[in-house]
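Okay, so here's the structure we're looking at.
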Amino acid sequence: QVQLVESGGGLVQPGGPLRLSCAASGSFWSIYDMGWYRQAPGKQRELVAVVTNIGSTNYADSVKERFTISRDNPKHTVYLQMNSLKPGDTAVYYCAAEIQVKYWGAKERYWGKGTLVTVSS
């Protein structure tokens, strides 16, 4: 069973930093793209940032220059360093990964259960 488990969410003051982590566990052949999405109350889930297995990154315009995504391939872990947080960043943050479970199979997207980030004074 493949699982993605996020950690690091919580309450932070505006302007502060927070770091999210997401580790993939279980048995699988390979992990491709890993990324972070978020969903604020009453809004649709949106892409925050994604990193490929060779380190290429892409960010939503709203988080560029403030957030940094990175990954540790041997640990099957992706990170999201969030700086200069704003109240508008408040959301449930979800980790996602494209994972090929068997070498003969297709890759599928897996999701974590989410971690709440609240930016408030």
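The values are calculated or read from the model by the stated rules, or taken from the named source; none is laboratory data. The shown structure was predicted, so the numbers you read here are calculated from the model rather than taken from an experiment. Here the Cβ is made from the backbone with ideal geometry for all residues, glycine too, and neighbour counts use every protein chain on show. Only protein heavy atoms, including side chains, enter the accessible area calculation; ligands, DNA and RNA are left aside. Shrake-Rupley method; radii C 1.70, N 1.55, O 1.52, S 1.80 Å.
Determine whether VAL78 is open to solvent by less than 30 Å² (accessible area, probe 1.4 Å), assigned to a strand (DSSP E or B) and either farther than 16 Å from GLY114 by Cα or in contact with a Cys (Cβ under 7 Å, 6 or more places away or on another chain) (or both). Taking the combined requirement at face value, the residue satisfies it. Checked against (1) open to solvent by less than 50 Å² (accessible area, probe 1.4 Å); (2) in contact with a Ser or Thr (Cβ under 9 Å, 6 or more places away or on another chain), GLY88 meets all criteria but (1).
Can you tell me which residue is farthest from PRO87 (Cα to Cα) among those in the range 6-20 that are open to solvent by 50 Å² or more (accessible area, probe 1.4 Å) and part of a loop (DSSP other than H, G, I, E, B)? Here the residue is PRO17.
Residues in the range 21-71 that are within 13 Å of the chain's Cα centre (by Cα) and either without any contact (Cβ under 8 Å) to a residue 12 or more places away in the chain or in a loop (DSSP other than H, G, I, E, B) (or both): ARG45, THR52, ASN58, TYR59, ALA60. Look at the range 1-20: where a residue is touching a residue at least 60 places away in the same chain (Cβ under 8 Å) and closer than 20 Å to GLY112 by Cβ and a partner is charged (D, E, K, R) and buried (at least 16 other Cβ atoms within 10 Å of the Cβ), sitting 6+ places away or on another chain with Cβ atoms under 7 Å, you get LEU20/GLU6.
Note on the range 85-121: residues that are among the hydrophobic types (A, V, I, L, M, F, W, C), out of contact with any Gly (no Cβ under 6 Å at 6 or more places or on another chain) and over 11 Å from ILE31 (Cβ atoms) total 5.
Looking at the range 24-67 only, could you name the residues that are surrounded by fewer than 17 Cβ atoms within 10 Å (Cβ to Cβ), touching an Asp or Glu at 6+ places or on another chain (Cβ under 9 Å) and among the aliphatic types (A, V, I, L, M)? Within the range 24-67, ALA40, ALA60 qualify. Residues in the range 91-121 that are hydroxyl-bearing (Ser, Thr, Tyr), open to solvent by 30 Å² or more (accessible area, probe 1.4 Å) and in a strand (DSSP E or B): TYR94, TYR110, THR118.
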